[in-house]
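The values are calculated or read from the model by the stated rules, or taken from the named source; none is laboratory data. Note that the coordinates shown come from a computational prediction; the quantities given were computed from them, not determined experimentally. Here the Cβ is made from the backbone with ideal geometry for all residues, glycine too, and neighbour counts use every protein chain on show.
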Amino acid sequence: MARVVLIGPSDSLTALLAERLSSRTVPAPAASYAGIPADPDETVVYRPPLIGRRDARPDLADADRLAEACVRAGTRRVILLSSAAAHPPSHHNTGYVDEEERPPTDHPIALSWRELEGRVGERLADAGTEVLILRAAPVAVRDGQDYLNRLLRGRAAMVPAGYDPALQILSPEDLAEAVRCALERGGGGTYHVAPAGAVPVRGALRLAGTRRFAMDAELQRPFRALASRLGWADPPAQLDSLRHSYTVSGARIERDLGFVPRKTSAEAVRDAFGSETAAPAPLPAFDPFGLDEGYIDAFGRTLFRFLHDRYWRIEHRGLEHVPREGRAVLTGVHRGFMPWDGVMALHLLRRETGRIPRFLIHPCLIKHPFLANYMTKLGGIIACQQNADWVLGQEGLLGMFPEGIGGAFTPYRDAYKLGRFGRDEYVKMALRNRAPIVPFVTVGSAEIYPILGRVDSKLVRRVFEWPYLPITPTFPLPGLPLPSKWHTRFLEPIPVHEQYLPEAADDPRIVRQISAEVRARMEAAIREMLERRKSIFFGSVFGKEEGRSGGEAGGRAKDAA
């Protein structure tokens, strides 16, 4: 392995890195790095210090001094330990983003890390120095001065209410191993260093033995803005890392450098902050995106059961068409602007088949408190090709509404006319992953919030990210849906996985043909169900023999309402 000089803050993480890399160490920050490194053949590993004890931004002035010293010494290679915080925590983060993702942002912490990478990288590259950047997830160390480590080692932590995003937390041993892999490989580039999985904020605090207190983030901001100037509190921007995800993908470093973290995020937290005397208990399993089966089942026994069986009295048909194992794409119709039809489909499938569909959702559903926590724990994931591939790659059920968010805001006069199916991405997802398409339709959900008008509002688009402000009879109390009678039908699967090869996803003609078939089946089913419906609030469209109401689960047979 190359000779190494490690430059970084004088703490336990730097000491561990020095031990694992057999390097000589230079403390940072320094007034001057004159004469460092003394040997141009040494590889410099630079871990930049932070601005202050309560500021997560790197010290750019120190980085400039280090870069200038390396240029003077003719250093041939520098490994810069940056941060995954270069990706801003945002409700638009699709999850496990790759190194090329660079969304526009005004987040001060993300901008600062990006500036560090740009300034050091460009200055050294201009001098002919190879630069390799490792963007590391937060590293769990008991004496760490960053925001997350101070929360985890404290007795109590104040967090934003209504959020529980997934966090990636790296063990110090895994960071050292990543640096070792980078040292053994020549060349430059940018790589994420993070565990494949994650742990929710609440789960991390529980593993660390830290008591959690929640308070609305917007109420915290004024106090934190003032207190941070006096050094009493962390700046408000750091709260964002406890509201929204900034998880990153480690696929590139595994492919190029052969690095795979040995410890999960939960193990990293337990080993750094867990009890040193008690025997380690088995760790709970955490979903990479935050799904919580216990949360779903608790609602399934209470609120969801009441809404499904008593309030909307949902009857259903065709559950035999949903595979009991293996991948499938569930393609539905979303009406009523609030996501209750998706939630009721999830509840029905969980109760009757034991499976939990993962619905692709719009970012607006995890922007605001409590709704963010709710949708995350129900298994919602931001709509994108990578997330769809992940669900289907796990042999899961992928749920989606191909009309997109516009379908949810369809005026009531057109509620049962299908809108445009976007770019037919759902067909491409099914073809690429060799999954059958199972269409399903619901009649009755459009009546819970019948949209009588829509207001085109810039304020609504900015605050809620809705395309319109819907005008419904329940306004200004949209939380009170009307008790319409629902009828849900799952249609016969379309076995595209048997009829086509994955390459068919790149053939627009085939994609349009399949989408037209799905659309025709859904339209026919809706038309037939509307013809048989006699009342918005009462009656069955399937009949006593065909229909199955929610209350019949587990042998509790009863007639449809």
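Details
- Among all positions in the range 86-102, there is at least one residue which is part of a helix (DSSP H, G or I), touching a residue at least 24 places away in the same chain (Cβ under 8 Å) and in the same structural domain as A251 (by TED's automatic domain parsing).
- In this entry, R327 passes the filter for residues that are under 16 Å from G399 (Cα atoms) and assigned by TED's automatic domain parsing to the domain that holds E447.
- Here D240 clears all of (1) at pLDDT below 95; (2) over 20 Å from R114 (Cα atoms); (3) surrounded by 16 or more Cβ atoms within 10 Å (Cβ to Cβ) except the condition numbered (2).
Yes/no matrix, rows are residues, columns are (1) part of a helix (DSSP H, G or I); (2) at pLDDT 95 or above; (3) in contact with a His (Cβ under 6 Å, 6 or more places away or on another chain):
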| residue | (1), (2), (3) |
| --- | --- |
| V511 | yes, yes, no |
| A520 | yes, yes, no |
| R527 | yes, yes, no |
| G539 | no, no, no |
| K544 | yes, no, no |
| G551 | yes, no, no |
| G554 | yes, no, no |
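- Across the range 179-207, the number of residues qualifying as in contact with a Phe, Trp or Tyr (Cβ under 7 Å, 6 or more places away or on another chain) and either surrounded by fewer than 21 Cβ atoms within 10 Å (Cβ to Cβ) or under 30 Å from V44 (Cα atoms) (or both) comes to 2.
- Qualifying residue in the range 25-37 (condition: within 28 Å of R229 (Cα to Cα), of a type in the set (G, A, S), outside any helix (DSSP H, G or I) and in contact with a strand residue (DSSP E or B) (Cβ under 6 Å, 6 or more places away or on another chain)): yes
- Checklist (1) surrounded by 15 or more Cβ atoms within 10 Å (Cβ to Cβ); (2) part of a helix (DSSP H, G or I) applied to L291, failing item: (2)
Each row is one residue, and each column tells you yes or no for (1) in contact with a helix residue (DSSP H, G or I) (Cβ under 8 Å, 6 or more places away or on another chain); (2) of a type outside the set (F, W, Y); (3) in a strand (DSSP E or B); (4) touching a residue at least 40 places away in the same chain (Cβ under 8 Å).
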{"position": "L151", "(1), (2), (3), (4)": "yes, yes, no, yes"}
{"position": "M158", "(1), (2), (3), (4)": "yes, yes, yes, yes"}
{"position": "A176", "(1), (2), (3), (4)": "yes, yes, no, yes"}
{"position": "L183", "(1), (2), (3), (4)": "yes, yes, no, yes"}
{"position": "Y191", "(1), (2), (3), (4)": "yes, no, yes, yes"}
{"position": "L207", "(1), (2), (3), (4)": "yes, yes, no, yes"}
{"position": "R224", "(1), (2), (3), (4)": "yes, yes, no, no"}
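Rundown of residues vs (1) surrounded by fewer than 22 Cβ atoms within 10 Å (Cβ to Cβ); (2) touching an Asp or Glu at 6+ places or on another chain (Cβ under 9 Å); (3) touching a residue at least 24 places away in the same chain (Cβ under 8 Å), yes/no style:
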site: I382; (1), (2), (3): yes, no, yes
site: A388; (1), (2), (3): no, yes, yes
site: P402; (1), (2), (3): no, yes, yes
site: D414; (1), (2), (3): yes, no, no
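- When L431, L418 are checked against the criterion of being out of contact with any Gly (no Cβ under 6 Å at 6 or more places or on another chain) and not in a loop (DSSP other than H, G, I, E, B), L431 stands alone in meeting it.
- Some residue of the range 237-250 being closer than 17 Å to N149 by Cα and free of Cβ contacts under 8 Å to residues at least 24 places away in the same chain: no
- Whichever residue in the range 485-499 is modelled with pLDDT under 95 and either surrounded by fewer than 19 Cβ atoms within 10 Å (Cβ to Cβ) or polar (S, T, N, Q) (or both) and, among such residues, is farthest from F306 (Cα to Cα): Q499
- For T376, the requirement of being buried (at least 20 other Cβ atoms within 10 Å of the Cβ) and in a loop (DSSP other than H, G, I, E, B) is not met.
- Of the candidates V443, V455, the single residue that is of a type in the set (A, V, I, L, M), surrounded by fewer than 14 Cβ atoms within 10 Å (Cβ to Cβ) and assigned by TED's automatic domain parsing to the domain that holds T331 is V455.
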